[in-house]
């Protein structure tokens, strides 16, 4: 009787230890639904170019609110006005912030993507389209679509992190070379006193390319090399396509706003996308597999405490 009791006790202790280790170290991520993510990309494009202040932009935000409400993730917005020197008018812009809380005692990170699409076509094949807005399938919608699918995953299985999903407006407003008129939404977000609020940040931009090529980005490397190392190590471990473990570009993107605000951040971006700022940035030139590659890597890190704890 005593032997049986002790054996049962040891089994119970063993189960508790195994469960505790999994909850504290590694949690198996739910499957990334690539098809649903790609449908989210297509849905955004279907609204039309999400130029700040447009009806398409407002309808797209309503779509985000509906999804987060269905997932029971609290969602809020940051409305602001940008005075546009080009048109000499005020342009209303809105950031969308959804806050997933797994446990109030857990650290919080920020996952960011821009949802606006460019108000002008810089490199059109058809010259009549010059200065017409673009669809922004990869340049905008792809990062948002991937984050929306990650939100679904979190509601299926909680990670040991809290996450703010931030969809920023006005990232792509400026004319070529006018860098001060880019990243407007993330600059506004950074002005809201975020220093010390987030353990780290990850920005997803232009990750829908069928021929995905994501290199280490130089500002990311300078800001949070530990996280960059983890990302590319994880991509190699998972054997996903599209991650190339070398530095190629230094890119001005939304991560710079986070870095300036004191949040060590990394930008995952395919800057070799040949349809960048053209009329061909459409869903036909994007793929669900590319969204899945990025989504799986990010999820693997967020569900593995032993990985993300290595960051700054």
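Coordinate-derived values only; no laboratory data. Because the structure is a prediction, the values reported are computed rather than measured. No Cβ is skipped: glycine too gets one built from the backbone with ideal geometry, and neighbour counts run over all protein chains shown.
A compact table of results
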| read-out | value |
| --- | --- |
| Highest-fluctuation residue, 111, 150, 129 considered, GNM on the chain with Cα pairs under 10 Å | 129 |
| Degrees between helix 142-156 axis and first principal axis of the chain (Cα, 0 to 90, nearest 10) | 30 degrees |
| On Cα atoms only, tilt of 218-238 relative to the major axis of the chain in degrees | 60 degrees |
| Helix 288-302 axis, angle to the chain major axis (alpha carbon atoms, nearest 10°) | 50 degrees |
| Using a Förster distance of 25 Å, the FRET efficiency for residue 125-residue 175 (Cβ separation, nearest 0.05) | 0.80 |
| Ranked packing of 153-163, 256-266, most packed first, by mean Cβ within 10 Å | 256-266, 153-163 |
| Residue of 237, 210, 274 that the Gaussian network model of the chain assigns the largest fluctuation, springs spanning Cα pairs under 10 Å | 237 |
| Alpha-carbon centroids, the range 139-174 and the range 275-312: separation in whole Å | 10 Å |
| Cα gyration tensor shape for the range 126-269, rounded if a/c is under 1.5, else prolate or oblate | rounded |
| Relative compactness, the range 147-203, computed as alpha-carbon Rg over 2.2 N^0.38 Å | 1.42 |
| Burial order of peptide ranges 43-53, 190-200 (average beta-carbon count within 10 Å, highest first) | 43-53, 190-200 |
| DSSP bridge orientation in the range 28-308 - percent antiparallel, rounded to nearest 5 | 45 percent |
| Percentage, to the nearest whole number, of Cα pairs in the range 63-184 over 24 Å apart | 37 percent |
| Whole-number percent relative contact order across the chain, with pairs defined as alpha carbons under 8 Å at least 6 apart | 23 percent |
| Difference of contour (0.36 nm per residue) and Cα-Cα distance, residue 211 to residue 246 | 10.9 nm |
| Computed [θ] at 222 nm, helices only, for the chain once each DSSP H run of length n ≥ 4 contributes -39500 (n - 2.57) | -12500 deg cm²/dmol |
